[in-house]
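All of the numbers you see were taken from the coordinates with simple rules; none came from a lab. What you see is a predicted model, and the numbers here were worked out from it, not measured in a lab. As a convention, Cβ positions derive from the backbone with ideal geometry for all residues, glycine included, and neighbour counts pool all protein chains shown.
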Number of protein chains: 2
Amino acid sequence: MSELKNDRYLRALLRQPVDKTPVWVMRQAGRYLPEYREVRAKAGDFMTLCSTPELACEVTLQPLHRFDLDAAIIFSDILTIPDAMGLGLHFVAGEGPKFNNVIRSAADIAKLGVPDMEDNLGYVMDAIRLTRREIDGKVPLIGFSGSPWTLACYMVEGGSSKDFAKVKGMMFDAPEQMHALLNVLADSVIAYLNAQISAGAQSIMLFDTWGGALSTENYQQFSLAYMQKIVAGLTRENEGRKVPVTLFTKGGGQWLELMADTGVDAVGLDWTTDLATARQRIGDKVTLQGNMDPCVLYASTDRVEQEVASVLAGFGKGETGHVFNLGHGIHPTIAPENMQRLVDSVHSLSEPYHKKG
Amino acid sequence: MSELKNDRYLRALLRQPVDKTPVWVMRQAGRYLPEYREVRAKAGDFMTLCSTPELACEVTLQPLHRFDLDAAIIFSDILTIPDAMGLGLHFVAGEGPKFNNVIRSAADIAKLGVPDMEDNLGYVMDAIRLTRREIDGKVPLIGFSGSPWTLACYMVEGGSSKDFAKVKGMMFDAPEQMHALLNVLADSVIAYLNAQISAGAQSIMLFDTWGGALSTENYQQFSLAYMQKIVAGLTRENEGRKVPVTLFTKGGGQWLELMADTGVDAVGLDWTTDLATARQRIGDKVTLQGNMDPCVLYASTDRVEQEVASVLAGFGKGETGHVFNLGHGIHPTIAPENMQRLVDSVHSLSEPYHKKG
């Protein structure tokens, strides 16, 4: 493997000094880029794009050609595990992900097993291996998975949901059944992320998209406990370097201390959490990732720069331990020029914060 | 007016001793009740139901015939103010509220004025007056409004929105324009709620449905500041009794102290906020309303009672200052039997918490 030329992102995750605040953006390879839309159209459907390593590699690298990003994230979907379990993932225009088979009973859950990582999910490992070759050490490559609770939401609901009636119905009425489902998912996520690390992922993100829909007690029991199990089960070193783990619960601002206590290296924040307050609360333990409102990118380009300045000032001086990101995925209709300004201004405006003395 | 026979809800809001924890439920008059669906079908469309005082009164009282509730809330919509401003509110099946005219420019905003409360919104006051007569002092009647920020979201987006692209675009790019819009809305809400109080509303709820979509700083500037203005502008006494005000920001669990400092009598909590923690944070200042996850009502009836017990225990002993509610509106597909159990078990299980000594 080529030597890593830019390790700013990994250093920040490990709380080591950096010259500038590193930046990457959730869904940075995506629909807001015309070159992505071209490849997506060529692929035909979304799952073909995910499961063809050459295409997944191509779109993973696209944002790096345009923007001075400090990390790439492998192009994939959070629902590859349930698909590999035989649920039949597909995407319906305007409605998002759908499963052919849904999980509603103890019998449905009993049939689920940890998928074979090479037979059923080898396309993800192939995409990671190929991308590591093509990226040629420019920046680190991030691997990822959805959290067990988040996967369970889609598997039980059969797709996106507004109120989580079925998955919460199961959680309240049949908690042991829900724990059985979450256990097989946690074991699968551990195997999946360790396979990604072996294939070359240099950092890991755990996306808990729907943990924020739970009460504090249910969050601890049904989401956080399984993420903690995953963090404990990961191979945290590879190629002689530590593989840092970042945990992101959307809407989890009330539970930062609980998240920091899982043993992760970094906690992702959405924009509803004040960054200065978050630093006071958990900044002595973990690196913070975030947290500009992605809607700022709908505003003028100059406004984007102002808001970058405000986020950097919010974290403040002496800033080992901050990775700049949006507080959620980038929206598909924003102008790429605004993303350009975001990345450039993070680097130019953050330098003074990293000066010694 | 008939004397109030059950003032448990008003007493709890004013932190006076009660025999049992009072309970009401957001959207308690609504689609989960077959008798509501009948009147709704008879009315034809939703706005006819809202704007016909006899029908609005009828559905307001329906849940009181079934359940031992401690308050009624006038049946109406949070978007009556923008409709009265000339935006043309209507409802599209499966898509929610829509406006014929949307607000996108300074010129659009300049045309808006505070609506005439009797000419344009008299149907709400008529419904309140009629309901007060019909309710005959059984329980207090709650009046309500959407918060200025929440109204602005719908007015600028033209309906519901997933990402608030347009309203946040305006907020970031043209903050003075957004403040002009929020100011005319705040003035309108003050006039509207004072008219409701004059017509007979005995308590006021301010619903900030979308404040939780903002960053802490933007929440303070664009949502909370205007709610504070409203709280300061309300007539807080009528018929020789205090008219308590409750503020509910969905997703506002990180900002409880800020909400409590507005001068409201009570703060509404969604289920993501731990009730015991909330009591420690602001329970010495305000009454807390909430906060059972409405999805518990999808579970079995016995499970509902368990969860009621858990919410009551979460608030704890010596409990002046708690109004039981869901953390969000009741879902339209839950079984009325579960609502029955909720109401009954709040009363039966809360008695020990209110015993002296």
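Non-local amide H neighbours of residue A:327 (under 5 Å, H modeled in plane, Pro and chain starts lacking H): which ones?
Correct list: A:271, A:292, A:293.
Please report the relative contact order for chain B, taking Cα pairs under 8 Å with a sequence separation of at least 6, and give it as a percent rounded to a whole number.
So the answer I get is 22 percent.
Measuring nothing but label to label, 7 Å from Cα along Cα→Cβ, what are residue A:3's distances to the other copies in nm, shortest first?
So the label point of residue A:3 gives 9.0 nm to the other copies.
Just for the Cα atoms in chain B, what are the lengths along the principal axes, largest first, rounded to whole Å?
61, 45, 42
Amide H to amide H, which residues 5 or more places from residue A:322 or on other chains are under 5 Å from it, using H placed in the peptide plane?
For residue A:322, the qualifying residues are A:288.
How much of the calculated P(r) for region A:145-262 lies past 24 Å, in percent of all Cα pairs?
The share of Cα pairs beyond 24 Å in region A:145-262 comes to 25 percent.
Which FRET efficiency value, to the nearest 0.05, do you get for residue B:45 and residue B:14 by plugging their Cβ-Cβ distance into 1/(1 + (r/R0)^6) with R0 = 45 Å?
E(calc), rounded to 0.05, equals 0.70.
What are the ³J(HN,Hα) couplings of region B:298-304, residue after residue, when phi is run through the Karplus curve with 6.51, -1.76, 1.60 and θ = phi - 60°? Round to Hz, x for glycine and proline.
Here the 3J(HN,Hα) series is 7, 7, 6, 4, 5, 5, 4 Hz.
Hey, got the Cα dimensions of region A:1-47 along the principal axes, in Å, largest first?
44, 25, 17
With the crude spin-label approximation of a point 7 Å out along Cα→Cβ, what separation in nm comes out for residue A:108 versus residue B:179?
5.2 nm
Shortest first, in nm, what separates the label point of residue A:242 from those of the same position in the other copies (7 Å along Cα→Cβ)?
5.3
Determine the alpha carbon to alpha carbon distance for each of A:250/A:285; A:162/B:168; A:138/B:168 and list only those over 25 Å.
Checking Cα-Cα distances, A:138/B:168 exceed 25 Å.
Mind giving me the nanometre distance, one decimal, between the label points for residue A:237 and residue A:348, set 7 Å out from Cα along Cα→Cβ?
Rounded to a tenth, the inter-label distance reads 4.1 nm.
Take the Cα radius of gyration of the protein assembly as shown and divide it by 2.2 N^0.38 Å, with N its residue count; two decimals is plenty.
The protein assembly as shown yields a ratio of 0.98.
If you take every residue apart from residue A:302 with its C-beta less than 13 Å away from the C-beta of residue A:302, what net charge results, scoring Lys and Arg +1 and Asp and Glu -1?
Spelling it out: positives minus negatives among the neighbours equals -3.
Please report, for residue A:101, the nm distances (one decimal) from its label point, 7 Å out from Cα along the beta-carbon direction, to the equivalent points in the remaining copies, shortest first.
Output for residue A:101: 5.6 nm, nearest copy listed first.
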